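Following: one structure in structure tokens, then a few remarks.
The values are calculated or read from the model by the stated rules, or taken from the named source; none is laboratory data. Note that this is a predicted model, so its numbers are computed, not measured. So basically every Cβ, Gly included, is an ideal-geometry build from the backbone, and we count neighbours across all protein chains shown. These accessible areas exclude ligands, DNA and RNA; they are computed on the full protein's heavy atoms, side chains included. Shrake-Rupley method; radii C 1.70, N 1.55, O 1.52, S 1.80 Å.
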Amino acid sequence: METRLESQLKKGVLEMLVLRLLCRAPGHGYALMKRMNETSGGMFQLKEGTLYPILYRLEDEGLIESSWQAGPGRGAPKKVYTVTDAGRRAQRDQSALWRRFCACVAQFDEDGEGEA
């Protein structure tokens, strides 16, 4: 069962991780959920109700864009999301912030106060 802290931490990084996935390769919703689950080793098992609001926010901010693409064969068209130049810049900035954040948090472990 997920702890409250784990849930809060996940919520705080989901947009950043979705943007990172899209920087690696464009994708549609289901593919993004699958990639997130696989890449995280099951730590992030997104549901549609979580992923799509993130995609809409990123699109509203101009960090990603979407287009409808035909599915294979007679498959239904899928909305595919792609990162914009602004999204790539934002992802670089977010990664730098994340590294600083992790280094800061690690400082608290290094003094031994968190050990039992």
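Rounded to the nearest Hz, the phi-derived 3J(HN,Hα) couplings of region 25-32 under the Karplus curve 6.51 cos²θ - 1.76 cosθ + 1.60 (θ = phi - 60°) are 6, x, x, 9, x, 4, 5, 5, where x marks glycine and proline.
For the chain, what is the accessible area per residue in Å², given a 1.4 Å probe and the full set of protein chains? Could you put the intermediate results ahead of the total?
Working: 8150 Å² over 116 residues.
For the chain, the solvent-accessible area averages 70 Å² per residue.
Keeping the other protein chains in place, figure out the carbon and sulfur percent of the accessible area of the chain, with a 1.4 Å probe. Using a 1.4 Å probe with all protein chains present, the chain comes out at 54 percent carbon and sulfur. Can you work out the FRET efficiency for the pair A25 and R100, with r the C-beta to C-beta distance and R0 = 30 Å, to the nearest 0.05? My answer for the efficiency is 0.65. Here each label is just a point 7 Å from Cα along the line to Cβ, and for Y56 and K11 those points are 1.8 nm apart. Across the chain, C-alpha contacts under 8 Å between residues 6 or more apart give a mean separation that, scaled by the residue count, equals a relative contact order of 24 percent. Here is the list for region 52-116: GluC sites (Glu not before Pro) lying in DSSP coil, each with at most 16 other C-beta atoms within 10 angstrom of its C-beta, are E61, E113, E115.
Are there trypsin sites (Lys or Arg not before Pro) in region 49-103 that DSSP marks as loop and that have at most 12 other Cβ atoms within 10 Å, and which are they?
Working: sites: R57, R74, K78, K79, R88, R89, R92, R99, R100; in loops: R74.
Those satisfying the criteria are R74.
Think of each Lys and Arg Cβ as +1 and each Asp and Glu Cβ as -1; about the Cα centre, that makes the dipole of the chain roughly 740 debye.
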